[in-house]
Amino acid sequence: MMTPFETTSREIALNFLQTVLIIDDEIEESPHETKLAPPPQPEEIKAPIGRGLPASSQKAKINAQDKKPEESKDDSSEIAHTISPKISALFANEGILCSMLKPEKSDQYFEKRTQKALRKADITILDWKMAKEGANNDARVKSIIESIVGNEESHKQKALRFIVIYSGEHKLLDEHIHSTKTWVDDLTSEVGKIEGEHDHQLSYNHLKFCFYAKPNEHNTEISHIHRKEDELVNSVINDFAKTIQGITPNLTLHSITSIRENTHRLLQKFSHEIDGGYLAHRIMLPNPEEAEEQFIDLFAHELKSILDDSKIELSDEAIKNWAQHRLDHLDEAKQLQLYRDTFFSNFSYTNSDSAISTLSPCLTKPEIEGISKVEDKKLLFTTDGKVEELIETKKADLKKKYIDHVIPSLPNNLFKLKIAKCLKVHIDKTNPSYLTNLLPCETTDSNDQFGLLTTTRTFYSSPTPTLNLGSIIKHNEQYYLCISPRCDTARVKAGEGKETAFQLLPLKPSEKDVYDVIVKQPEAEIIKLKIIYTPTKLKSIIFPQTQADNNKPIRANQDEKFIDINKMEYQWIGELKADKAQQVLNQFAAQLSRVGINESEVLRRAYQAR
């Protein structure tokens with residue numbers, strides 16, 4: 001039975017899903033057109049037919065089995081591998097367009113010809129054993145999967161791929177999963193792990209595989225993953241929803257769905273009727289190529305209008321359902337850590353009485369007597385001196401207290417001390433990361449990841465980096481932030497005497513969690529940096545322009561490095577989002593505009609002490 005949060009996630013995922021592509025060399029031939037109708041009852045689904053039999057002998061074989069079932073042989077060649085075209089109608093009933101492709105044994109270029117279609121599908125369903133001339137029976141499926149995920153750029157950008165193996169093979173859960181993991185490891189450096197209730201899933205960072213069996217008498221030992229075609233549709237949708245379920249994934253899927261639903265309205269909005277106005281604008285620009293960048297900004301504003309009109313409401317109930325769902329899915333070790341962080345680490349008690357009042361339902365009298373206050377104002381149990389043992393023995397009571405008091409408070413503004421009131425403790429506002437520790441999350445760097453997302457620009461392809469407002473570069477171990485206005489960096493002239501000096505503010509690694517920006521280095525390491533706003537620390541460095549790029553931005557070389565006029569190399573690290581970069585520039589401008597006056601020293605110190 002699904003939890004309320006899983007139900008919500010499934011609904012959002014179902015609205016998002018548009019396309020499923022099924023590839024199987026044993027697709028049954030349908031003599032008539034498949035109509036959209038309610039899903040057929042299990043007995044209405046065609047009985048499996050022996051693998052590899054010609055169409056002319058299929059009916060005869062079925063009749064022979066009906067007349068003399070005792071003569072049927074238990075042979076591996078008789079394993080059911082067929083799939084009915086009716087499954088397309090079953091997906092259509094869910095609002096999903098399903099296409100089916102049947103590769104011929106002699107077709108050596110099938111994977112190459114269908115690669116674009118394979119990568120566009122939201123979900124791909126493959127048979128394991130598909131014949132390919134001059135190759136093993138699993139060569140076809142491996143080649144297809146490689147054409148989907150065997151792309152270095154796809155791995156670098158962590159593009160999510162959801163692949164389902166639907167086969168009649170009886171070795172699906174041992175040899176085939178192991179085989180898949182072995183050769184997929186060669187396609188990506190990510191470390192995979194098998195997970196799921198029945199170990200029928202193989203999950204990498206961004207590659208998701210699910211294995212389901214076509215029911216037949218030869219694979220009864222894996223009956224827990226048997227799926228008839230109508231059951232497969234529901235299982236695939238549920239698995240896709242579980243793969244990406246979460247608050248931010250749900251918001252993301254809803255947003256993408258809204259854009260998809262308005263695609264044709266966007267096409268009408270940007271029709272050929274405005275071509276003349278756009279080209280006239282482009283011709284009049286000093287650098288006509290800038291028109292394309294301006295169009296992107298214009299189009300992005302239209303997308304934002306769509307999202308503003310269709311934004312999803314994150315209700316209080318949804319947040320509480322999420323917290324309960326995450327709590328139920330945390331392993332025991334992380335649950336115990338959660339209770340420790342919530343009740344013993346993140347809060348300072350004003351006195352022993354408030355601590356006793358908070359936790360008395362969870363403590364025995366000797367344990368209550370063992371509570372004392374220490375210098376760091378964190379709760380200490382002197383009974384054996386081990387908080388962990390107390391949490392272990394009282395975990396059921398602590399879980400109930402978390403569910404009864406903490407979860408109902410999560411939808412509120414935590415800084416209004418709603419949680420503090422129910423726990424009778426004082427929240428430590430000097431450490432904002434404590435809030436994340438209150439939540440039943442599996443990752444420990446959630447704050448850093450969200451901070452990175454909100455302030456640093458994401459590059460979904462690999463364009464050549466340019467040096468402009470917000471660019472972060474590194475020379476040796478010193479980081480710099482470019483604060484030159486965009487109008488100065490958009491058109492850099494080439495030639496002696498026409499060089500442009502770029503203004504760079506130094507950055508230094510943070511100390512004591514005081515930082516301004518978060519960046520991700522090429523080696524995937526997150527680093528927190530503090531901006532040095534002191535005007536005297538500002539660097540002015542000339543990066544010469546090439547004649548080929550005259551009147552264009554400064555571009556990095558193929559190693560993503562900028563070379564200054566003294567042949568010094570600066571490694572490109574990333575780029576702040578436009579509004580964040582402009583905020584930094586404004587703050588630096590405020591430093592430059594300070595006015596020094598002669599005044600009473602007592603008065604000056606008085607207002608500076610505020």
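The values are calculated or read from the model by the stated rules, or taken from the named source; none is laboratory data. Remember, predicted model here, so these are calculated numbers, not experimental data. Here Cβ is always computed from backbone atoms with ideal geometry, including for glycine, and neighbour counts include all displayed protein chains. Just the protein is used for accessible areas: all its heavy atoms, side chains included, with ligands, DNA and RNA removed. Shrake-Rupley method; radii C 1.70, N 1.55, O 1.52, S 1.80 Å.
Between Ile597 and Asp107, what's the calculated FRET efficiency when r is the beta-carbon distance and R0 is 60 Å? Round to 0.05.
Details: r = 83 Å, r/R0 = 1.39.
The value I calculate is 0.10.
With a 1.4 Å probe and all protein chains in place, put Met284, Met130, Met1 in order of accessible area, largest first.
Descending order: Met1, Met284, Met130.
Within 13 Å, Cβ to Cβ, of Ala241, how many net charges do the neighbouring residues add up to if Lys/Arg are +1 and Asp/Glu are -1?
Spelling it out: positives minus negatives among the neighbours equals -2.
Please work out how much accessible surface Trp572 shows to a 1.4 Å probe, ignoring ligands, DNA and RNA, in Å² rounded to 10.
30
With charges set only on the Cβ (+1 for Lys and Arg, -1 for Asp and Glu), what does the dipole of the stretch 197-342 come to about its Cα centre, in debye to the nearest 20? Mind dumping the intermediate values first?
On the way: 15 positive and 26 negative charges, 27 e Å.
Charge dipole of the stretch 197-342: 140 debye, to the nearest 20.
Express the carbon and sulfur contribution to the solvent-accessible surface of the stretch 248-310 as a percent, rounded to the nearest whole number, probe 1.4 angstrom. Before the final figure, lay out the partial values.
Working: 2800 of 4560 Å².
Heavy-atom surface of the stretch 248-310 belonging to carbon and sulfur, 1.4 Å probe: 61 percent.
For Asp549 and Thr534 in one chain, what is 0.36 nm times their gap in residues minus the Cα-Cα distance, to one decimal in nm? Display every interim value, and only then the final one.
Numbers: separation 15, 0.36 × 15 = 5.40 nm, distance 3.33 nm.
That pair, Asp549 and Thr534, stretches by 2.1 nm at full extension.
Given labels modelled 7 Å from the Cα in the Cβ direction, how far is it in nm from Lys498 to Ile283?
In this crude spin-label approximation the distance works out to 2.5 nm.
Can you pull the percent of Cα pairs in the stretch 248-310 with separation above 15 Å? Don't skip to the answer; put the middle values down first.
On the way: 1168 of 1953 pairs.
So the pairs more than 15 Å apart make up 60 percent of the total in the stretch 248-310.
Please list Phe299, Phe450 from largest to smallest accessible area, probe radius 1.4 Å, with all protein chains kept in place.
Numbers: Phe299 70, Phe450 120 Å².
The residues order as Phe450, Phe299, largest area first.
Heavy-atom accessible area per residue, the stretch 449-593, 1.4 Å probe: how many Å²? Intermediate results must be reported in sequence, preceding the final value.
Working: 7960 Å² over 145 residues.
For the stretch 449-593, the per-residue accessible area is 55 Å².
At 1.4 Å probe radius, can you tell me the per residue accessible area of the stretch 253-346 in Å²? Before the final figure, lay out each step's value.
Working: 6090 Å² over 94 residues.
On a per-residue basis, 65 Å².
At what distance in nm do the modelled label points of Ile526 and Ser179 sit from each other, each positioned 7 Å from its Cα along Cα→Cβ?
Label at Ile526, label at Ser179, 4.0 nm between them.
Apply 1/(1 + (r/R0)^6) to the Cβ-Cβ distance of Glu221 and Asp297, taking R0 = 60 Å, and write down the FRET efficiency to the nearest 0.05.
Numbers: r = 59 Å, r/R0 = 0.98.
It comes out at approximately 0.55.
For labels at Asn93 and Phe270 in the simple 7 Å Cα→Cβ model, what's the distance in nm?
So the label points at Asn93 and Phe270 sit 3.9 nm apart.
If you place +1 on the Cβ of every Lys and Arg and -1 on the Cβ of every Asp and Glu, how big does the dipole about the Cα centre of the stretch 449-593 come out, in debye to the nearest 20? Kindly include the intermediate steps, with their values, before the conclusion.
Working: 19 positive and 16 negative charges, 61 e Å.
Computed charge dipole of the stretch 449-593: roughly 300 debye.
Carbon and sulfur together cover what percent of the accessible area of the stretch 449-593 at a 1.4 Å probe radius?
Details: 3890 of 7960 Å².
Carbon and sulfur together cover 49 percent of it.
Would any residue of the stretch 102-138 have its amide N under 13 Å from a label point 7 Å out along Cα→Cβ of Leu160? List them or say none.
122-123
So how do 4-14, 536-546 stack up, highest first, on mean other-Cβ count within 10 Å? Walk me through the numbers before you get to the answer.
On the way: 4-14: 18.9, 536-546: 14.2.
Highest to lowest by the protection proxy: 4-14, 536-546.
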